[in-house]
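> Before I ask anything, let me first share the structure, which is written out below as structure tokens.
The values are calculated or read from the model by the stated rules, or taken from the named source; none is laboratory data. Please read these numbers as outputs of a predicted model, since none were measured by experiment. Note that we place each Cβ from the backbone using ideal geometry, even for glycine, and neighbour counts take in every protein chain shown. Surface areas here come from the heavy atoms of the whole protein model, side chains and all, with no ligands, DNA or RNA. Shrake-Rupley method; radii C 1.70, N 1.55, O 1.52, S 1.80 Å.
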Amino acid sequence: MSGLDEDESRRAGFVTVIEADDFDARATDIAELLEKSVGVSVRRFGGPGDPATASIRGSSSEQVTVLLDGIPLNRARSGVVDLSNVPLRIVRRIEVYRSFTPLRYRSAAIGGVINIVTRSAGGDPVTEAAVTYGAFNGYEVSGTHAGSAGPTDFLVAANLAGSDGDFEFEDDNGTRFERSDDEITDRENNDFDSRELYASTRLPAGRNWTLEAFGEFFDKNEGVPGISSNQSSDARLDTRRGMFNLRAAGDRIAVDGLSGWLRLFAVTEESHFRDPLGEIGVGRQNSLDNNRAVGAEVYADYFLGDQQILSALASVQAERYDNEDRLSGTTSRNQDRVIYQVGLEDQIFLWNDRLTLEPQVSQVWIDNDFGGPVDPSGRVASGGDDDFLSYKLGGRIELGRGWSAKANAGRAWRYPNLTELFGDRGTVTGNPQLDAERSDKWDLGVAFERSGLGPDSLGIDRLTLEAAWFQSDSKDLILFEQNSQRTVRPVNISEADTRGIELAASATLFGHFDLTANYTWIDSANRSDIPFLRGNRLPGVPEQELFLRADAYTERFRVWYEFVGADDNFLDQANFEKVADREVHNVGMSATWRESLILTFELKNITDERISDVLGFPLPGRAWFGRAVLKL
């Protein structure tokens, strides 16, 4: 894992950055990369191309904000981002903010922020093609070309991927405690095919201004296999996404020391779910969901000499959701949400830049509007307004000899999504009176980074260390209670405490060996007044996770070994359903020819561990993949 640039490294927050050099030649995806990052837990619903979600420091997936170049991918309808729908090959780096985030990301998320930064125009000219093939007839073909035409820089990229997804797994036939009927079978209806086209451009636009734009189109067709003991044969899901971003960035705007940008963006997402035999959920389904979002933001930094940076943000984002039931021929009325936000941040540098202080405050106003029934009785919710104030104070101090200390404290929140407020015309009955989830959280820790440690370094060329303690006290958490035999209703009934330790280290030895390790320990507890929930662990949060990696390399060859381990963890609030712990071993090797051709071979889960993150959704066993990257 690579570090941040010099300015960002002075920030008080805890952040991990995964650079393109860490994954360009790998047969991997965003979910797998995040799984190996300290403090991050990933829940996967199958193999390559299957849904995957992320949580940070024991949060829920809904509490994590996922951005693509600063544009939120979380939708007002559900709030959960499927990481499998963001192809890795357009990505330049991934930033994981585990505590509080800079103001420019417009988020006071309880669970932190994952910002996916694309390979935008303006870099070095490159023409690149890559092919991956491996287990389950999995494939990926991608191409990228970046260059310039006069003063204009441009980049275009395309990606095709797919898999049969027919891996073997151990089926318990729905009788978890009866081993006699267990059998090895294949995952059915688990294929996918996806396509992505991406283009970006950058050009000067007058004195001190630069105009940047990108557009993305993503299309995916996949089977929905259902749970392992009762697989579906015909359920399908089609997903389409279109994004457009236009940003005008300026330096020395009007006066020296003032810089910033104006951004306009639009996102449209469409998902078409078909279950003609009623194999998933209750009854046959043919449903088309549409989500549309547009937004604008203004952000500015003002440098007061070398000792202070004042930042300001103003933004607005509007979303609309509608659903068409093609079996009944009915269309729901639009569900609308508009979010207004203003914020201020200050970075103060003292003691010759040894001490950095970062106060931040942000105010959000939300306007919800819904004009249709939220349950079968015909009850109507009109929506409503709400507002939230978030704040934080962070600090970082240089201790000398490569050591530094950080601390942050503040309040974060998550406002209810539209499904929780207004229902889904199915099993979820809306509750327009829901309050936002809120969390008071803090963290502190130390970090060390040194290069060229000298003759007494025992061959250590570079060494980084980080240790952090974190804690959050959350209130008004949203849980679903049984409302009738077939429906559930979200209510604010729960509190939770989460605390933990993060340890991370990396070293380069003798110029030919890299060692990486990270460990996360999380103690979580439900503090609800409900007797059978109080004191239980939060679902989907392993108590311990460990990642180890060792690389040995020369100028042309590299071999590596990885270990990914996690404790067992519960899947439900009552702590009844549990998935087992796991120990996964991966190996790989790559060879480079004339700096233009990179060949990679990887063997994953070499011990054929039978594991799952979600009960009823097995993960693949042993699998192999080969990848070739050609740079012209």
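> Which value, in Å² rounded to 10, gives the accessible area of Asp251 with a 1.4 Å probe and all protein chains present?
Solvent-accessible area, nearest 10 Å²: 80 Å².
> For segment 12-69 and segment 562-590, what is the centre-to-centre distance using only Cα atoms, to the nearest Å?
Here the two parts' Cα centres lie 15 Å apart.
> Where the only charges are on Cβ atoms (+1 Lys, Arg; -1 Asp, Glu), what is the dipole of the chain about its Cα centre, to the nearest 20 debye?
1240 debye
> Could I ask something else about it? How far is it, in nm, from the label point at Ile184 to the one at Phe244 when both lie 7 Å from their Cα along the line to the Cβ?
5.3 nm
> Here is a further query. Taking θ = phi - 60°, what integer Hz values does the Karplus form 6.51 cos²θ - 1.76 cosθ + 1.60 yield along segment 223-237, in sequence order, with x for Gly and Pro?
Running phi through 6.51 cos²θ - 1.76 cosθ + 1.60 with θ = phi - 60° gives x, 10, x, x, 6, 5, 8, 8, 6, 8, 10, 10, 5, 9, 9 Hz.
> Take Trp624, Trp351 and sort them by solvent-accessible surface of the protein heavy atoms, 1.4 Å probe, largest at the top.
The residues order as Trp351, Trp624, largest area first.
> Find how many whole Å separate the alpha carbon centroid of segment 280-318 from the alpha carbon centroid of segment 610-624.
34 Å
> Charges only on Cβ, +1 for Lys and Arg, -1 for Asp and Glu: so what's the dipole of segment 543-632 about the Cα centre, in debye to the nearest 20? Numbers along the way, then the final one.
Details: 11 positive and 16 negative charges, 161 e Å.
Charge dipole, segment 543-632, about its Cα centre: 780 debye, nearest 20.
> Where does each of Trp560, Trp365, Trp593 land when they are ordered by accessible area, with a 1.4 Å probe and the largest first? The partial results should precede the final answer.
On the way: Trp560 15, Trp365 110, Trp593 145 Å².
From most accessible down to least: Trp593, Trp365, Trp560.
> Keeping all protein chains in place, calculate the accessible area per residue for the chain (probe 1.4 angstrom), answer in Å².
44 Å²
> Starting from 0.36 nm per residue, how many nanometres of slack lie between Val316 and Leu211 once their C-alpha separation is accounted for?
35.7 nm
> For the chain, what is the calculated [θ] at 222 nm in deg cm²/dmol (nearest 500), taking -39500 (n - 2.57) for each run of four or more DSSP H residues and dividing by its residue count?
-500 deg cm²/dmol
> Keeping all protein chains in position, work out how much accessible area Glu602 exposes to a 1.4 Å probe, and write it in Å² to the nearest 10.
0 Å²
> If you average the sequence gap of Cα pairs under 8 Å that are 6 or more apart and divide by the length of the chain, what percent do you get for the contact order?
10 percent
> Report, in debye and to the nearest 20, how large the dipole of segment 1-134 comes out about its Cα centre when Lys and Arg carry +1 and Asp and Glu carry -1 on their Cβ.
560 debye
> Calculated FRET efficiency, Gln471 and Asn137, Cβ-Cβ r, R0 56 Å, to nearest 0.05?
0.75
> Order Phe625, Phe601, most accessible first, counting only protein heavy atoms with a 1.4 angstrom probe. If you can, show how the numbers build up before the last one.
On the way: Phe625 25, Phe601 95 Å².
Final ranking, largest accessible area leading: Phe601, Phe625.
> Let me ask you something else. Treat each spin label as a single point 7 Å out from the Cα along the C-beta direction, and report the Asp219 to Ile493 distance in nm.
Here the answer is 4.5 nm between the modelled labels.
> At a threshold of 8 angstrom on Cα-Cα distance, excluding pairs fewer than six apart, so keeping six or more, what relative contact order does segment 120-160 reach in percent?
40 percent
> May I pose another question? Hey, how many Å between the Cα centroid of segment 76-102 and the Cα centroid of segment 128-192?
Between the Cα centres of segment 76-102 and segment 128-192 lies a distance of 19 Å.
> Looking at (i) 73, 68, 52; (ii) 89, 66, 55; (iii) 68, 54, 53, which value of Cα extents along the principal axes in Å comes from a calculation on the structure shown?
Recomputing Cα extents along the principal axes in Å here picks out (iii).
> Separate question: Leaving out ligands, DNA and RNA, what percent of the accessible area of the chain is carbon and sulfur, probe 1.4 Å? It would help to have the intermediate numbers written out before the result.
On the way: 15330 of 28010 Å².
It is 55 percent, rounded to a whole number.
> Let me ask you something else. Too long at a 23 Å Cα-Cα cut-off: which of Lys220/Lys631; Lys441/Lys475; Lys36/Lys604; Lys392/Lys475? List each step's numbers first, then the result.
On the way: Lys220/Lys631 27 Å; Lys441/Lys475 11 Å; Lys36/Lys604 14 Å; Lys392/Lys475 18 Å.
Distance filter (> 23 Å) returns Lys220/Lys631.
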